[in-house]
Amino acid sequence: MIRAAALGLALAGGAEAAECRLALALAMDVSSSVDEAEDQLQRSGLAASLIAPEVRRAFFASDLPVALAVYEWSGRYNQEIIVDWRLITDQAALVDVASTIGRSERSHNEFPTAIGYALGYGAGLLARAPNCLFNTLDVAGDGENNEGFPPAAAYAEFPFGGVTVNGLVVNAAEYEAEISLIEFYRDEVLHGPGAFLEVAQGFDDYERAMRRKLERELDVPSLGALDTGPRPG
């Protein structure tokens, strides 16, 4: 639940004019390192996590709704909208978004991992979001940037003022070999107040990790304290 103190601060900052408490953009990795089975696991996992009981409760914990958008990303010019901005005002809207994600098919499967471009696209998407109290970009991926400019350049050149960027790292089967990916996300991808990292131990664990991540992102007071460590399973 949104605690009274945090909600009071938001109201003091102009909540009366806001359409929503949080604009949340979810970015899903469809680069060539993600095979067909893994892509299905992340689509079905994201869809299921959105309608999990604890996430449903978090969506409707305040009278102010959440605005939600979803896109997929891979190479520098390969980003596609799955769900454009939608105010989640009731259970039916949330179920409809989850169903759209579950039915979706990947737009690309042969391009590298251009995280800087994915961030830049997300910044543009948030720039045309409904007027919300908070803005969060949720970037999930299974690899480091290997094409185009790095995240630091995206943060320098695109409008990220007032935006929190959280990360979801999908570890490969050999978890120890992927420890640098966790460090990469923690050091280069996380950005802004309250930014945090969630870790999925393989795509089979994607739903659990996303469910925990969404529940935490939807808890507005969590944006007030920086915590960049992955949460234990």
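Selection of region 163-203 for residues being surrounded by fewer than 15 Cβ atoms within 10 Å (Cβ to Cβ) and modelled with pLDDT of 95 or more yields only ASP187. GLU144 meets each of the listed conditions (1) of a type outside the set (A, V, I, L, M, F, W, C); (2) farther than 29 Å from SER180 by Cβ; (3) in contact (Cβ under 8 Å) with a residue 12 or more places away in the chain apart from (2). Scanning region 48-88 for residues that are in a helix (DSSP H, G or I), open to solvent by 30 Å² or more (accessible area, probe 1.4 Å) and closer than 18 Å to ASN131 by Cα yields nothing.
Just to be sure before I move on: is GLY124 of a type in the set (Gly, Ala, Ser), free of Cβ contacts under 8 Å to residues at least 40 places away in the same chain, part of a helix (DSSP H, G or I) and within 28 Å of ALA37 (Cα to Cα) in the structure I sent? Criteria not met by GLY124. The residue that is surrounded by the most Cβ atoms within 10 Å (Cβ to Cβ), among those in region 98-121 that are of a type in the set (Ser, Thr, Tyr) and part of a loop (DSSP other than H, G, I, E, B), is THR113. Taking the numbered list (1) free of Cβ contacts under 8 Å to residues at least 40 places away in the same chain; (2) β-branched (Val, Ile, Thr); (3) out of contact with any Ser or Thr (no Cβ under 6 Å at 6 or more places or on another chain) in turn, VAL139 passes all entries but (1).
Note on region 12-46: residues that are open to solvent by less than 10 Å² (accessible area, probe 1.4 Å) and either under 23 Å from ILE115 (Cβ atoms) or touching a helix residue (DSSP H, G or I) at 6+ places or on another chain (Cβ under 7 Å) (or both) total 17. Looking at this structure, is GLU157 modelled with pLDDT under 95, charged (D, E, K, R), open to solvent by 50 Å² or more (accessible area, probe 1.4 Å) and on the phi < 0 side of the Ramachandran plot? Spelling it out, it is not the case that GLU157 is modelled with pLDDT under 95, charged (D, E, K, R), open to solvent by 50 Å² or more (accessible area, probe 1.4 Å) and on the phi < 0 side of the Ramachandran plot. Within region 122-148, if we keep just the residues that are open to solvent by less than 40 Å² (accessible area, probe 1.4 Å) and of a type in the set (A, V, I, L, M), the residue that is farthest from the chain's Cα centre (by Cα) turns out to be ALA129. Considering (1) of a type in the set (Val, Ile, Thr); (2) free of Cβ contacts under 8 Å to residues at least 60 places away in the same chain; (3) under 14 Å from CYS20 (Cβ atoms), the lone condition that VAL95 does not fulfil carries the number (3).
Scanning region 95-114 for residues that are out of contact with any helix residue (DSSP H, G or I) (no Cβ under 6 Å at 6 or more places or on another chain) and more than 17 Å from GLU38 (Cβ to Cβ) turns up VAL95, ASP96, VAL97, SER99, THR100, ARG103, ALA114.
The values are calculated or read from the model by the stated rules, or taken from the named source; none is laboratory data. All figures in this text were calculated on a predicted structure; none of them were measured in a lab. No Cβ is skipped: glycine too gets one built from the backbone with ideal geometry, and neighbour counts run over all protein chains shown. Remember, those area values only see protein heavy atoms, side chains included, never the ligands or the DNA or RNA. Shrake-Rupley method; radii C 1.70, N 1.55, O 1.52, S 1.80 Å.
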